[in-house]
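Just below is one structure, and these are the notes that go with it.
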Amino acid sequence: MQPLKYDFSDLEGAASVRLAEIVDRIGETYRDGFGVNHLDGVNLPRRAEIVEITEKLLEVIFPGFDGRRQGHKEMIAHDVAELLKEIYSELFDQMCRAIRYSRKVRSCEECGTNEAVFALLDALPQIRETVKLDVEAAYAGDPAATSYDEIILSYPGIKAITIQRMAHVLYHQGVPFIPRMMTEHAHSQTGIDIHPGAHLGRGVFIDHGTGVVIGETAVIGDNVRIYQGVTLGAGNFPKDACGMLIKGNKRHPTIGNNVTIYSGASVLGDITIGDNSVIGGNVWLTESLPPGTKITSRPPENRLKFANDRA
Amino acid sequence: MQPLKYDFSDLEGAASVRLAEIVDRIGETYRDGFGVNHLDGVNLPRRAEIVEITEKLLEVIFPGFDGRRQGHKEMIAHDVAELLKEIYSELFDQMCRAIRYSRKVRSCEECGTNEAVFALLDALPQIRETVKLDVEAAYAGDPAATSYDEIILSYPGIKAITIQRMAHVLYHQGVPFIPRMMTEHAHSQTGIDIHPGAHLGRGVFIDHGTGVVIGETAVIGDNVRIYQGVTLGAGNFPKDACGMLIKGNKRHPTIGNNVTIYSGASVLGDITIGDNSVIGGNVWLTESLPPGTKITSRPPENRLKFANDRA
Amino acid sequence: MQPLKYDFSDLEGAASVRLAEIVDRIGETYRDGFGVNHLDGVNLPRRAEIVEITEKLLEVIFPGFDGRRQGHKEMIAHDVAELLKEIYSELFDQMCRAIRYSRKVRSCEECGTNEAVFALLDALPQIRETVKLDVEAAYAGDPAATSYDEIILSYPGIKAITIQRMAHVLYHQGVPFIPRMMTEHAHSQTGIDIHPGAHLGRGVFIDHGTGVVIGETAVIGDNVRIYQGVTLGAGNFPKDACGMLIKGNKRHPTIGNNVTIYSGASVLGDITIGDNSVIGGNVWLTESLPPGTKITSRPPENRLKFANDRA
């Protein structure tokens, strides 16, 4: 037997030989580099760090709500300064990795990371103002909501939308990987899957939210209300002459202002829903609607059967 | 240039000036107090601490399952005493914050926090007995379940229901914020969104559960089975003369005993489903049903197309 | 008053008496052993540790992506050796608990734990190769996907499928509890609920994924695409003469190769969907389909109402 390459000295002999053999076989599968992300050279951002940065950004938007930082009132500006400094450094590192990896540039001077980071940080005050309108829209739209504070503390739609608004800035800066990692963190926490490319207007309210899917090229107007299980998705996927999907074209709906979309509805394709429309629960819609339309599904005929001769 | 107010000394000069300017602009948006939660004075509970307390309460209900505490058999009573002491102190602090903030009282002597905390702690033995019936209902209702232990270890419905049963006690004590924060923690972990106001009977089983929504004024009887994607929701939202939503009225369904509701069904409005009824998958229901009713949707007509001349 | 059995000396007197009384009442409910999991003797695995092991296994499949370990390129084999050693020890401990508890054997020599652990570890290189095909299938199937790396970094379907592929090995080893705990961790993170018993072919893509349910006896072919909200479920649950559910029979669908199932579709019962079929959104299907079938639901008739005399 060859001497072991790995330190399994605290394991029993047979197990250590088998483990060493498995490590070698796993190592073979790493040779093509597929799905291997190492620290050095040019490589990808890391998930746990993007999650950490995203949570810190939420803390800047709603300071003190998360509970991990406990600031006194007059110290909040200094706390946020400390937080922003951390965000700046950590986001710079991760974005540098993302951009260098993707654009094949060698140094961060070439890659424009600094300006992309500042694009997001500069946008934070405006995002905070916009999110206030989202909170107000939730209060106006939900009979169970008792206060703005309750909404900030416990409504998943606010978390998902706030993260998407921040990711959207990085998406428009052309930052690879990170915007989607941010919205997938929101998806994992809330069940709400909004692609960072989607454009959201002001005062958007997503209630309950589990199962909501909003695609990359969707455009949503102001004062739009969306319930659990709604899909704003692609209709069909055109392919090129080689049979490969065409990427990047507009393929999701445009939703006007003051539109309500009830639970389970699917709105599919590059169609336009006019202002002030109402789309009922479970509606399956693949055609545009003029402004002021109310559309409901006639529910599939229900068949009643009465058991035990009770009828 | 004025001297910097914040300590960005480890950053490069241009970046520190830009960061300081952003901190000031963010500080401006904090001036109205919207979404700012500081440590001192009268202020809100904190999310991470409510999550921590909720997980400790689950540990009291099912000791040792989570794995964060490793007690020996004869030590379990002492372990739970230790745990309960922590819960008492932490919950007291957070509830004091919640109640003082909401009721505008100055001190915890006035605010009744102590009695509200004990209302929950006193209820824990009864909740544990009730949750045992939920576990038995899951075993009786799922062919894939191999033991009660497996259900406790891995069924999200048990987690969501147990948390809701605890939050429901605090809801009836009139505790603001915290009950909903507890059920949103469950929602985030399980995809099951049960409002703390909903009344659940004994032996409730929610299978798979992702996308389930149960509204604030829903009432659910004994031995009820609910599958993924079921909504027990509001029908419409009456508004007052000013166009504002009327809050607090009964607007969700009442479900009788021994009712089964299959996946994707929506039961909406203040209607009553009689005992021993069965509601089929994807049914959309807005009217009451007498006891013993079985209702299924005639599925929308399926159109078959056979490709490759196979038909 | 009897002297207190528990150390509540830092609490005020009345509270400590009440707490002690509650601890005693909770202790009463532990007497039947239901839902009590202690450290010593024969007992169950622990959730937090299974989650930890599952995340480490993912790190072996895609090293460096999570971000918790930061290895240099030439060190990756040594890092993975270290990781595998930890996984081996921790999984051995938890599986020993699971198997001894379930099979009522006394020692780990009798219980076959070691071979069951190595069954999973031995399978890891092959699982890694299979998961590469899943990543390629996602890239080929989603117009929004920009690279394989992005898919590994941020697509929940990859996480859920990879965990299920590992849990499936343990399921076939007859390991109790742990496989389902692993897939429930995936369910909690992704909203995708795949039972460890389900058989997945090569190149499976689950997009968005929230609300997907795939049952224990489902069989899925190669190059299958599944969207959010799809259920591959049981049709009905046969009971034995005593009215108890019959467990273990084949009760979920078999899906052929190159099948696509769009969002919200329910495919129920032990039916067979032939190769190259397409099942449209929201289809409710309880009968087998021959190869090459395309089936869509005629959507329930939409009733348009135009408000404000706009029509």
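The values are calculated or read from the model by the stated rules, or taken from the named source; none is laboratory data. Here the structure is a predicted model, which is why all the values come from computation and not from measurement. Cβ coordinates were reconstructed from backbone atoms using ideal geometry, including for glycine residues, and neighbour counts include every protein chain displayed.
All conditions but one from (1) over 21 Å from the mean Cα position of the chain (by Cα); (2) assigned to a helix (DSSP H, G or I); (3) away from chain A (no Cβ under 13 Å) apply to residue C:82; the one that does not is (3).
Against the list (1) under 21 Å from residue A:125 (Cα atoms); (2) at pLDDT 90 or above; (3) not acidic (Asp, Glu), the condition residue A:94 fails is (1). Here is a check on your reading of the model: is residue B:135 surrounded by 22 or more Cβ atoms within 10 Å (Cβ to Cβ), aliphatic (A, V, I, L, M) and touching a residue at least 60 places away in the same chain (Cβ under 8 Å)? In short, no. The residues on offer are C:238, C:196, and the sole one that is without any contact (Cβ under 8 Å) to a residue 24 or more places away in the chain and over 24 Å from residue C:276 (Cα atoms) is C:238. Scanning region C:122-168 for residues that are over 22 Å from residue A:179 (Cα atoms) and of a type in the set (D, E, K, R) yields a total of 6.
Those residues that are part of a loop (DSSP other than H, G, I, E, B), of a type in the set (A, V, I, L, M, F, W, C) and over 8 Å from the mean Cα position of the chain (by Cα), I need them from region C:176-204; list them, please.
Residues satisfying the conditions are C:177, C:198, C:204.
Filtering A:158, A:178, A:163 for residues that are modelled with pLDDT of 95 or more, crowded, with 23+ Cβ neighbours inside 10 Å and touching a His at 6+ places or on another chain (Cβ under 8 Å) leaves a single hit, A:163. So, in region B:232-264, of the ones that are at the interface with chain A (Cβ under 9 Å from one of its Cβ atoms) and of a type in the set (A, V, I, L, M, F, W, C), which residue ends up farthest from the chain's Cα centre (by Cα)? That would be B:244. I'd like to know if region B:103-112 contains one or more residues that are assigned to a helix (DSSP H, G or I) and at pLDDT 85 or above. Within region B:103-112, none of the residues are assigned to a helix (DSSP H, G or I) and at pLDDT 85 or above. Of A:267, A:278, A:219, all but one fail to be more than 11 Å from chain C (Cβ to nearest Cβ), over 18 Å from the mean Cα position of the chain (by Cα) and hydrophobic (A, V, I, L, M, F, W, C); the exception is A:267. Looking at region A:98-116, is at least one residue surrounded by fewer than 24 Cβ atoms within 10 Å (Cβ to Cβ), closer than 27 Å to residue B:13 by Cα and facing chain B (nearest Cβ under 8 Å)? For region A:98-116, residues surrounded by fewer than 24 Cβ atoms within 10 Å (Cβ to Cβ), closer than 27 Å to residue B:13 by Cα and facing chain B (nearest Cβ under 8 Å): present.
Only residues that are surrounded by fewer than 21 Cβ atoms within 10 Å (Cβ to Cβ) and at negative phi were counted in region A:263-280, giving 6. Applying the set (1) of a type in the set (A, V, I, L, M); (2) farther than 27 Å from residue B:57 by Cβ; (3) modelled with pLDDT under 90 to residue C:83 leaves exactly one unmet item: (3).
Each row is one residue, and each column tells you yes or no for (1) in contact with a Leu (Cβ under 9 Å, 6 or more places away or on another chain); (2) among the hydrophobic types (A, V, I, L, M, F, W, C); (3) at the interface with chain C (Cβ under 8 Å from one of its Cβ atoms); (4) in contact (Cβ under 8 Å) with a residue 40 or more places away in the chain.
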{"position": "B:119", "(1), (2), (3), (4)": "yes, yes, no, yes"}
{"position": "B:148", "(1), (2), (3), (4)": "no, no, yes, no"}
{"position": "B:156", "(1), (2), (3), (4)": "no, no, yes, yes"}
{"position": "B:161", "(1), (2), (3), (4)": "yes, yes, no, yes"}
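For region B:8-17, filtered to residues that are over 19 Å from residue A:79 (Cβ atoms) and not small (Gly, Ala, Ser), the residue that is nearest to the other protein chains (Cβ to nearest Cβ) is B:12.
Kindly evaluate residue C:282 against the criterion of being in contact with a Phe, Trp or Tyr (Cβ under 7 Å, 6 or more places away or on another chain), part of a loop (DSSP other than H, G, I, E, B) and at pLDDT below 95.
Yes: the conditions hold for residue C:282.
Filtered by the rule that a residue be out of contact with any Ser or Thr (no Cβ under 7 Å at 6 or more places or on another chain) and closer than 20 Å to residue C:263 by Cβ, region A:254-263 gives A:255, A:261, A:262. Taken together, C:79, C:142 contain a single residue that is farther than 22 Å from residue C:173 by Cβ, buried (at least 18 other Cβ atoms within 10 Å of the Cβ) and touching a Gly at 6+ places or on another chain (Cβ under 6 Å), which is C:79. Annotation note: Cβ proximity below 7 Å between a residue of region C:164-189 that is touching a residue at least 40 places away in the same chain (Cβ under 8 Å) and at the interface with chain B (Cβ under 9 Å from one of its Cβ atoms) and a residue that is among the small types (Gly, Ala, Ser) and surrounded by fewer than 22 Cβ atoms within 10 Å (Cβ to Cβ) (sequence gap 6+ or interchain) occurs for C:176/C:102. Among the residues making up region B:37-65, those that are modelled with pLDDT under 90 and surrounded by 18 or more Cβ atoms within 10 Å (Cβ to Cβ) are B:37, B:38, B:64, B:65. The condition of being surrounded by fewer than 24 Cβ atoms within 10 Å (Cβ to Cβ) and within 30 Å of residue C:92 (Cα to Cα) holds for only one of C:235, C:243, C:191, C:201, that being C:201.
Restricted to region A:157-175, and to residues that are farther than 24 Å from residue A:141 by Cα and part of a helix (DSSP H, G or I), which residue is farthest from the chain's Cα centre (by Cα)? Talk me through it step by step, then tell me what you get.
Within region A:157-175, the subset farther than 24 Å from residue A:141 by Cα is A:167-175.
Okay, now just the ones that are also part of a helix (DSSP H, G or I), so A:167-172.
Details: A:167: 7, A:168: 9, A:169: 13, A:170: 12, A:171: 11, A:172: 15 Å.
Across region A:157-175, the extreme among qualifying residues is A:172.
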